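The values are calculated or read from the model by the stated rules, or taken from the named source; none is laboratory data. What you see is a predicted model; the values in this text were computed from it and never measured. Reconstructed Cβ throughout: ideal geometry from the backbone, glycine too, with neighbour counts over all protein chains shown. With ligands, DNA and RNA removed, areas are computed over all heavy atoms of the protein, side chains included. Shrake-Rupley method; radii C 1.70, N 1.55, O 1.52, S 1.80 Å.
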Amino acid sequence: MKKVFTHENRMIVYNMKNLLQGEGIDALLKNEFSGGGVGDLPAFDIWPELWVDDAHLAQAQSVLRHAAQASPGEAWRCRECGETNDAGFCICWNCGQGIEAE
């Protein structure tokens, strides 16, 4: 197994795990509950980590690399509430109205 991702924010690591699982890649989450070691262990050693089988390494790296890139396209304005949303959003972050209404 190879480590493909680590971050100090556990929610970001969970999000990346969900992206991998959405592509059919099983990822093992390590250090999920190691935050209690803060102060006794080096900070980087307790960050949550995602590990994948060697056979899925290239695919996992590609998925994670794509996720790190800025969303292509233009921002859109919600017709329901008028809020501007980044191109990566399919629903308005403010009111939940779908982009399909555009």
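Return yes when Q97 is at pLDDT below 90, out of contact with any strand residue (DSSP E or B) (no Cβ under 6 Å at 6 or more places or on another chain), within 22 Å of F5 (Cβ to Cβ) and open to solvent by 60 Å² or more (accessible area, probe 1.4 Å) and no when it is not. Criteria not met by Q97.
Has the range 48-70 got at least one residue that is at pLDDT below 80, of a type outside the set (A, V, I, L, M) and exposed (fewer than 10 other Cβ atoms within 10 Å of the Cβ)? Yes; the residues of the range 48-70 include at least one that is at pLDDT below 80, of a type outside the set (A, V, I, L, M) and exposed (fewer than 10 other Cβ atoms within 10 Å of the Cβ).
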